[in-house]
Amino acid sequence: SQQGEEDPQALSIQEGENATMNCSYKTSINNLQWYRQNSGRGLVHLILIRSNEREKHSGRLRVTLDTSKKSSSLLITASRAADTASYFCATARTGGGADGLTFGKGTHLIIQP
Amino acid sequence: DGGITQSPKYLFRKEGQNVTLSCEQNLNHDAMYWYRQDPGQGLRLIYYSQIVNDFQKGDIAEGYSVSREKKESFPLTVTSAQKNPTAFYLCASSQGTAYVEQYFGPGTRLTVT
């Protein structure tokens, strides 16, 4: 079963605007990760946030984690055409993560020029 | 260049034939993973290996087999027992035992007719 579920399923915005996507999960976690996938390509790791962190930044990315609501959000500021991709949240199948990740269905982000 | 390679990028097979997908990494990672992705879906774990000569079933292992004879290599065989083999297959690796990101290969798109 899928642990994480992203929302919305699809998002289309103008270049330069901010994009926010959300992820909800079901069980307790040690950390939550966000990945990006360009069409027909492999996934690229974006950011990992641990359960004792509430917010984390990496360049134009900001991730928040609310363990009480079992939810996370990914904010991309000042979007660019190159940000067009699918974005997935992922959590460990069990506590550690060495036995693989569980992914949501993703948010497909389209940046209009 | 360090990374994960998968070959071939596209693979076509007739129903009833076994096919082996290649995955090689030169990141010196202990753990390797195989995921399957269907259109508009997230990734689902097929098999994983935390160490050479050992591997474990993931969530959808039926109809697949793997081997891990070398640290760098983790080939996946899609057997004729897999009922719906047409999909995008992604290999990944990670260092350490837990709480770390995974590095993905570019994927192999398998079409079975």
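The values are calculated or read from the model by the stated rules, or taken from the named source; none is laboratory data. Since the structure is predicted, the reported quantities are computational estimates derived from the model, not experimental observations. Every residue, glycine among them, receives a Cβ derived from its backbone with ideal geometry; neighbour counts consider all protein chains shown. When the accessible area is computed, the model is the full protein with side chains, heavy atoms only, and any ligands, DNA or RNA have been set aside. Shrake-Rupley method; radii C 1.70, N 1.55, O 1.52, S 1.80 Å.
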What single numbered condition from (1) closer than 17 Å to A:Gly104 by Cα; (2) within 14 Å of another protein chain (Cβ to nearest Cβ); (3) over 13 Å from the mean Cα position of the chain (by Cα) fails to hold for A:Glu53?
-> (1)
Positions within the range A:100-113 being buried (at least 20 other Cβ atoms within 10 Å of the Cβ) and out of contact with any helix residue (DSSP H, G or I) (no Cβ under 7 Å at 6 or more places or on another chain), in sequence order = A:Gly100, A:Leu101, A:Thr102, A:Phe103, A:Gly104, A:Gly106, A:Thr107
Using the structure shown, decide if A:Ile29 is hydrophobic (A, V, I, L, M, F, W, C), assigned to a loop (DSSP other than H, G, I, E, B) and over 11 Å from the mean Cα position of the chain (by Cα).
-> yes
Per the filter on the range A:69-95, residues more than 14 Å from A:Gly4 (Cα to Cα) and open to solvent by 20 Å² or more (accessible area, probe 1.4 Å) are A:Leu75, A:Thr77, A:Ala78, A:Arg80, A:Ala81, A:Ala82, A:Thr84, A:Ser86, A:Gly95
Of the residues in the range A:40-61, those that are more than 16 Å from B:Glu101 (Cα to Cα), open to solvent by less than 50 Å² (accessible area, probe 1.4 Å) and not in a strand (DSSP E or B) come to A:Gly40
Out of the residues in the range B:64-76 that are open to solvent by 30 Å² or more (accessible area, probe 1.4 Å) and either in a strand (DSSP E or B) or in contact with a Phe, Trp or Tyr (Cβ under 8 Å, 6 or more places away or on another chain) (or both), which is farthest from the other protein chains (Cβ to nearest Cβ)?
-> B:Lys70
Consider only pairs whose beta carbons are under 8 Å apart and that are at least six residues apart or on different chains; among these, list those whose first residue lies in the range B:53-74 and is on the phi > 0 side of the Ramachandran plot and whose second residue is of a type outside the set (Asp, Glu) and open to solvent by less than 40 Å² (accessible area, probe 1.4 Å).
-> B:Asn53/B:Arg68; B:Gly63/B:Val78; B:Gly63/B:Thr79; B:Gly63/B:Gln82; B:Gly63/B:Pro85
Extreme residue, nearest to A:Glu5 (Cα to Cα), among residues of the range A:44-68 that are charged (D, E, K, R) and modelled with pLDDT of 95 or more | A:Asp66
Could you say which residue among A:Leu109, A:Leu74 is within 15 Å of A:Asn31 (Cα to Cα), in contact (Cβ under 8 Å) with a residue 24 or more places away in the chain and in a strand (DSSP E or B)?
-> A:Leu74
Number of positions in the range B:95-105 that are hydrophobic (A, V, I, L, M, F, W, C) and either open to solvent by less than 20 Å² (accessible area, probe 1.4 Å) or within 22 Å of A:Ser51 (Cβ to Cβ) (or both) = 2
Of the residues B:Ala61, B:Ala81, B:Ala92, which single one is assigned to a loop (DSSP other than H, G, I, E, B) and under 30 Å from A:Ser51 (Cβ atoms)?
-> B:Ala61
